[in-house]
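The values are calculated or read from the model by the stated rules, or taken from the named source; none is laboratory data. This is a predicted model, so every value here is computed, not measured. Backbone-built Cβ (ideal geometry, glycine too); neighbour counts: all protein chains shown.
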Amino acid sequence: MGNEATLVGAVKTEQGVELKGVLMQPVVDKCEGCDRIRSFEGENFCSSYPNPARKWFDGRCNFATHIKAESGKSAKVNPLKASKRAAKGR
């Protein structure tokens, strides 16, 4: 793990690790390399979301710091507006 920070204020309960009244789930393999990973008693947790597996359910976690957003998708250009801009010299 790149980040050795811990979950401050976390408590081990019978149900698992609890932070501010929220039950935390351990990170999943896809989280490896993220800057939001925090450790607590030998396990790793996400500092931004209590159930990391759920964030990855649809393909990508929006909190992930180790994955770059896809670039290459260009915005759709309205041809009429583009021609008017070209005529004005912009």
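Observations on the structure shown:
- In region 29-51, the residues that are more than 13 Å from Thr65 (Cα to Cα) and not hydroxyl-bearing (Ser, Thr, Tyr): Asp29, Arg38, Phe40, Glu41, Gly42, Glu43, Asn44, Phe45, Pro50, Asn51
- Across region 23-57, the qualifying residues are those that are acidic (Asp, Glu) and not in a strand (DSSP E or B), and the one among them that is nearest to Lys12 (Cα to Cα) is Glu41.
- Selection status of Asn78, of a type outside the set (D, E, K, R), more than 23 Å from the chain's Cα centre (by Cα) and modelled with pLDDT under 90: yes
- Members of region 1-34 that are aliphatic (A, V, I, L, M) and either in contact with a Phe, Trp or Tyr (Cβ under 9 Å, 6 or more places away or on another chain) or at pLDDT 85 or above (or both): Leu7, Ala10, Val11, Val17, Leu19, Val22, Leu23, Met24, Val27, Val28
- Count of residues meeting criterion [free of Cβ contacts under 8 Å to residues at least 40 places away in the same chain and surrounded by 16 or more Cβ atoms within 10 Å (Cβ to Cβ)] in region 5-25: 6
- So Ile37, is it at pLDDT below 90 and of a type in the set (Val, Ile, Thr): no
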